[in-house]
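The values are calculated or read from the model by the stated rules, or taken from the named source; none is laboratory data. What you see is a predicted model; the values in this text were computed from it and never measured. Note that we place each Cβ from the backbone using ideal geometry, even for glycine, and neighbour counts take in every protein chain shown.
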Amino acid sequence: MIVRQSPALTGQAPRSRRPVRLALISLEPWDEIWRRNQHLSAQLVRQQLVESVTFIEPPVRHGKTADGAWSPEPGISVFRPRLYVPRTLGGLALLGRQLRRGVLRACDLLWVNDPTLGVHCLSRAQPAIYDVTDDWREFRGPRRIIRRVTKSEDKLAQKCKTIVCSEVLRERWRNRYGVSAPVVPNGIDGDVWRDASPLPLRGALPHVGYVGTLHQERLDVPLILRLASDPRVGQVHLVGPDAMDSASRQLLESAPGVTVHGPVPAPEVPNWIKAMDVLICPHQVSPFTLSLDAIKSYEYLASGRPIVATPTSGFQSLDAPQLTVVDAASFVQAVGHAASDKNQYPPIEDNAWATRAISFASHLPMAQTDEI
């Protein structure tokens, strides 16, 4: 197999020969949750690694879109396009042409996170990167969507420079496409963590918490219910955006000892995490979750709290004294042991988004220039 090489991480910020105007085709909107896309966009602009970021949110099919772009902070413009034709009738291809002729014309470099729209935004005159954050073809979704993702990624792997967030994705792209992609992991907002303090929580002690997106493809719902019924656990707190199906949501919301809090703004996440006595990641172990590099893994480490996780979503690759990685059969017992752990663990805060952005910028096709 011929493997196409990508430059190695330098850990130093590149100096552009000229300002780079970056356009991002995002899988998520710009909101208060703050995922990888928003953290990297903000740091790229704040550190002057790029001149600007045009953040293109997922298109809306119905309803009214915002009038033009809006700016959450200097150097970043957010734009939500309208999808006039359904995806099944070629709506993404039509939207891609509209974006190429419109907002993308003023940009130097295309950053694709949504493969199904991003593949239609490619231009021969504009270099592009594909930032892979999930292995969507392993997601248990409708077959037509999986086929659309697979077809898009097949083309993006050939037309774009690939960046991945985990070693698992790096190995899969090597096997699938012969592409040796650099790994830029996720991180934490160091400034926010240094100012964080625990929130007061209701319910019996000890407080056991999961902070992240709630989704039945990730969460092991039966495992959470077993954990909540264990006498060594006081209250199980689930904090984050709710993307569960109705059956999973009903099971969790009706379970004694479980509180579903919903999403919280990004600056408040450290306060919630530090409020927990034990942090948990009871994810199912599947080809999809194994591809993940969970932001929560770095946030949990920054808290100094005991952590119990199943061997997936990036936790299986971490090494820290406060982290216990066990399978589902041993999970409840491990949480009970962690709840009685009186050791003090130093917070691990060296996984900052500021550093991740420098690594990310070093791989932008138009940023391979003189070092600062």
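Considering only region 47-119, give the strands (runs of 3 or more DSSP E) lying wholly within it that have at least 3 residues that are surrounded by fewer than 14 Cβ atoms within 10 Å (Cβ to Cβ) and without any contact (Cβ under 8 Å) to a residue 60 or more places away in the chain.
The strands (runs of 3 or more DSSP E) meeting that bar are 70-73.
Look through Leu225, Leu252 and report the one residue that is out of contact with any Gly (no Cβ under 6 Å at 6 or more places or on another chain), crowded, with 19+ Cβ neighbours inside 10 Å and part of a helix (DSSP H, G or I).
Just a single option satisfies the conditions, and that option is Leu252.
Being surrounded by fewer than 19 Cβ atoms within 10 Å (Cβ to Cβ) and polar (S, T, N, Q) is the filter here, so list the residues in region 140-152 that pass it.
Thr150, the sole residue that qualifies.
Can you spot a residue in region 311-329 that is small (Gly, Ala, Ser), buried (at least 19 other Cβ atoms within 10 Å of the Cβ) and touching a strand residue (DSSP E or B) at 6+ places or on another chain (Cβ under 7 Å)?
Scanning region 311-329 turns up at least one residue that is small (Gly, Ala, Ser), buried (at least 19 other Cβ atoms within 10 Å of the Cβ) and touching a strand residue (DSSP E or B) at 6+ places or on another chain (Cβ under 7 Å).
So, of the residues in region 274-291 that are surrounded by fewer than 24 Cβ atoms within 10 Å (Cβ to Cβ) and closer than 20 Å to Asp189 by Cβ, which turns out to be farthest from the chain's Cα centre (by Cα)?
Ala275
Suppose we filter region 295-318 for residues that are of a type in the set (Lys, Arg) and in contact with a His (Cβ under 7 Å, 6 or more places away or on another chain); how many remain?
Looking only at that region, the number is 0.
Which residue out of Val260, Val308, Val335 is over 22 Å from Pro185 (Cβ atoms), hydrophobic (A, V, I, L, M, F, W, C) and surrounded by 23 or more Cβ atoms within 10 Å (Cβ to Cβ)?
Val335
If Ser248 satisfies every condition in (1) polar (S, T, N, Q); (2) closer than 30 Å to Glu167 by Cβ; (3) in contact (Cβ under 8 Å) with a residue 60 or more places away in the chain but one, which is the exception?
(3) is the only condition that Ser248 fails.
Can you work out which of the residues in region 354-371 that are modelled with pLDDT under 75 and either within 15 Å of Leu44 (Cα to Cα) or under 16 Å from the mean Cα position of the chain (by Cα) (or both) is surrounded by the fewest Cβ atoms within 10 Å (Cβ to Cβ)?
Within region 354-371, the match that is surrounded by the fewest Cβ atoms within 10 Å (Cβ to Cβ) is Gln368.
Check region 57-64 and report whether any residue there is under 15 Å from Leu22 (Cα atoms) and under 26 Å from the mean Cα position of the chain (by Cα).
There is at least one residue in region 57-64 that is under 15 Å from Leu22 (Cα atoms) and under 26 Å from the mean Cα position of the chain (by Cα).
If you scan region 162-193, which residues turn out to be outside any loop (DSSP other than H, G, I, E, B), within 30 Å of Lys274 (Cβ to Cβ) and of a type in the set (Asp, Glu)?
Matches in region 162-193: Glu167, Asp191.
Could you list, in sequence order, all residues of region 208-217 that are farther than 12 Å from Ala309 by Cα and either touching a Phe, Trp or Tyr at 6+ places or on another chain (Cβ under 8 Å) or surrounded by fewer than 21 Cβ atoms within 10 Å (Cβ to Cβ) (or both)?
Those that are farther than 12 Å from Ala309 by Cα and either touching a Phe, Trp or Tyr at 6+ places or on another chain (Cβ under 8 Å) or surrounded by fewer than 21 Cβ atoms within 10 Å (Cβ to Cβ) (or both): Val211, Thr213, His215, Gln216, Glu217.
Looking at region 126-146, which of its residues are part of a loop (DSSP other than H, G, I, E, B) and either of a type in the set (A, V, I, L, M, F, W, C) or not assigned by TED's automatic domain parsing to the domain that holds Trp111 (or both)?
The answer is Phe139, and nothing else.
Among the numbered criteria (1) surrounded by fewer than 18 Cβ atoms within 10 Å (Cβ to Cβ); (2) at pLDDT below 95; (3) charged (D, E, K, R); (4) closer than 23 Å to Leu24 by Cα, which one does Lys155 miss?
It fails just one condition, (2).
Given the criterion over 23 Å from Arg172 (Cβ atoms) and in contact with a Lys or Arg (Cβ under 9 Å, 6 or more places away or on another chain), identify the matching residue among Val332, Val258, Val236, Val326.
Val332
Give the number of residues within region 200-229 that are closer than 23 Å to Thr289 by Cβ and either touching a Leu at 6+ places or on another chain (Cβ under 7 Å) or touching a residue at least 12 places away in the same chain (Cβ under 8 Å) (or both).
Number of matching residues: 20.
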